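Below is one structure, written out as structure tokens, with a few remarks after it.
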Amino acid sequence: MKDKGSINSLRDVLYIVISVLAFAMSLNAQEPKNSESGTDPPKKNARPAEEIATKPEPFDSASVEKMAQQCVTLETEAGNIAIEMLPDSAPENVRNFLNLSATGAFDTTTFSRVVKDFVIQGGNLSTSEKWGIELMKRMTHKLPDEPSLIKHVRGIVSMARPNEPNSATTNFFILVGNGSNLDGKFSAFGRVTSGMEVVDAINHAPTEGEKPSKPVHITKATVAPCL
């Protein structure tokens with residue numbers, strides 16, 4: 001049988017151990033939450049937020065009505081081209097074009113393809129002076145085909161894509177002549193309201209096949225309410 005002193009010493013040790021454990025548990029329970037999200041602070045090895053969720057862009061949640069009020073101006077080395085949006089017919093293609101314009105993705109890109117008296121084509125982000133991984137990511141985002149009753153006539157802006165359905169990304173074309181063979185197949189989403197003389201000048205410049213001898217740069221694309 002243990003004497004009374006030994007029992008008291010054991011109680012003291014147990015009391016100290018229990019007190020330390022209780023203190024540690026209280027600290028853990030009071031660990032602060034993230035004040036903005038209400039979630040636990042990220043662990044040291046947690047993936048950055050941008051790798052988990054795509055950063056929202058200016059027109060991601062815009063209504064058709066709001067997008068219809070926006071016009072895009074392509075400031076080029078040959079002059080300005082103003083384009084009105086047609087979101088009633090192609091809302092997701094309009095949304096994509098507005099986002100690319102508003103975030104500067106088109107800035108310093110070129111009109112890299114020309115078919116005489118037919119189209120000029122731009123939106124190839126790999127022609128940008130800012131080409132890098134961010135622009136590369138944008139070119140992997142594929143859009144749904146949104147063909148409509150809009151006729152592919154002079155001044156219409158539409159999305160270019162390979163033969164594969166739902167494969168348009170960032171390339172677009174502006175019609176100089178008639179493109180009735182494209183009706184019901186490609187996503188017409190805009191119409192040139194001013195600057196067709198600039199489109200004509202780009203279309204009539206010297207080419208090597210369908211490649212411009214001296215590609216015209218889009219120095220800047222801007223989005224603003226239509227006048």
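The values are calculated or read from the model by the stated rules, or taken from the named source; none is laboratory data. These figures come from a predicted structure and were not determined experimentally. As a convention, Cβ positions derive from the backbone with ideal geometry for all residues, glycine included, and neighbour counts pool all protein chains shown.
Can Val72 be described as surrounded by 15 or more Cβ atoms within 10 Å (Cβ to Cβ), in contact with a Phe, Trp or Tyr (Cβ under 9 Å, 6 or more places away or on another chain) and either under 21 Å from Cys226 (Cβ atoms) or not assigned by TED's automatic domain parsing to the domain that holds Thr169 (or both)?
Details: surrounded by 15 or more Cβ atoms within 10 Å (Cβ to Cβ): yes; in contact with a Phe, Trp or Tyr (Cβ under 9 Å, 6 or more places away or on another chain): yes; either under 21 Å from Cys226 (Cβ atoms) or not assigned by TED's automatic domain parsing to the domain that holds Thr169 (or both): yes.
The answer is yes for Val72.
Scan region 116-137 and tell me whether some residue there is outside any loop (DSSP other than H, G, I, E, B), of a type in the set (Phe, Trp, Tyr) and under 18 Å from the mean Cα position of the chain (by Cα).
Within region 116-137 (the criterion being outside any loop (DSSP other than H, G, I, E, B), of a type in the set (Phe, Trp, Tyr) and under 18 Å from the mean Cα position of the chain (by Cα)), the answer is no, since none of the residues qualifies.
For Lys55, work out the one condition from (1) modelled with pLDDT under 95; (2) among the basic types (Lys, Arg); (3) part of a helix (DSSP H, G or I) it doesn't fulfil.
(3)
Go through Phe106, Phe111 for me and flag whichever is more than 17 Å from Thr222 (Cβ to Cβ) and of a type in the set (A, V, I, L, M, F, W, C). Steps first, please.
Details: Phe106 fails: more than 17 Å from Thr222 (Cβ to Cβ).
Exactly one residue qualifies, and that residue is Phe111.
Output the residue which, of all residues in region 155-180 that are part of a loop (DSSP other than H, G, I, E, B) and in contact with a Gly (Cβ under 6 Å, 6 or more places away or on another chain), is surrounded by the most Cβ atoms within 10 Å (Cβ to Cβ).
If we take residues in region 155-180 being part of a loop (DSSP other than H, G, I, E, B) and in contact with a Gly (Cβ under 6 Å, 6 or more places away or on another chain), then Thr170 is surrounded by the most Cβ atoms within 10 Å (Cβ to Cβ).
Please work out which residue is farthest from Ile83 (Cα to Cα), limiting yourself to region 138-154 and to residues that are without any contact (Cβ under 8 Å) to a residue 40 or more places away in the chain and assigned to a loop (DSSP other than H, G, I, E, B). Can you show your working first?
Going residue by residue through region 138-154, those that are without any contact (Cβ under 8 Å) to a residue 40 or more places away in the chain are 138-140, 142, 151-153.
Within this subset, residues satisfying the condition of being assigned to a loop (DSSP other than H, G, I, E, B) are 139-140, 142, 151-153.
Numbers: Met139: 22, Thr140: 24, Lys142: 22, Lys151: 16, His152: 15, Val153: 14 Å.
Filtering first and then ranking leaves Thr140.
Which residues, taken from region 58-93, are part of a loop (DSSP other than H, G, I, E, B), over 14 Å from Ser158 (Cβ atoms) and of a type in the set (Ser, Thr, Tyr)?
Selection gives Ser61, Ser63.
So which residues in region 186-203 are among the hydroxyl-bearing types (Ser, Thr, Tyr) and surrounded by fewer than 21 Cβ atoms within 10 Å (Cβ to Cβ), if there are any at all? Please lay out each step first, then the result.
Restricting attention to region 186-203, the residues satisfying the condition of being among the hydroxyl-bearing types (Ser, Thr, Tyr) are 187, 193-194.
Those that are among the hydroxyl-bearing types (Ser, Thr, Tyr) and surrounded by fewer than 21 Cβ atoms within 10 Å (Cβ to Cβ): Thr193, Ser194.
Check Glu164, Glu197, Glu208 and return the single one that is within 25 Å of the chain's Cα centre (by Cα) and over 16 Å from Arg95 (Cα atoms).
None of the other options fit; the residue is Glu164.
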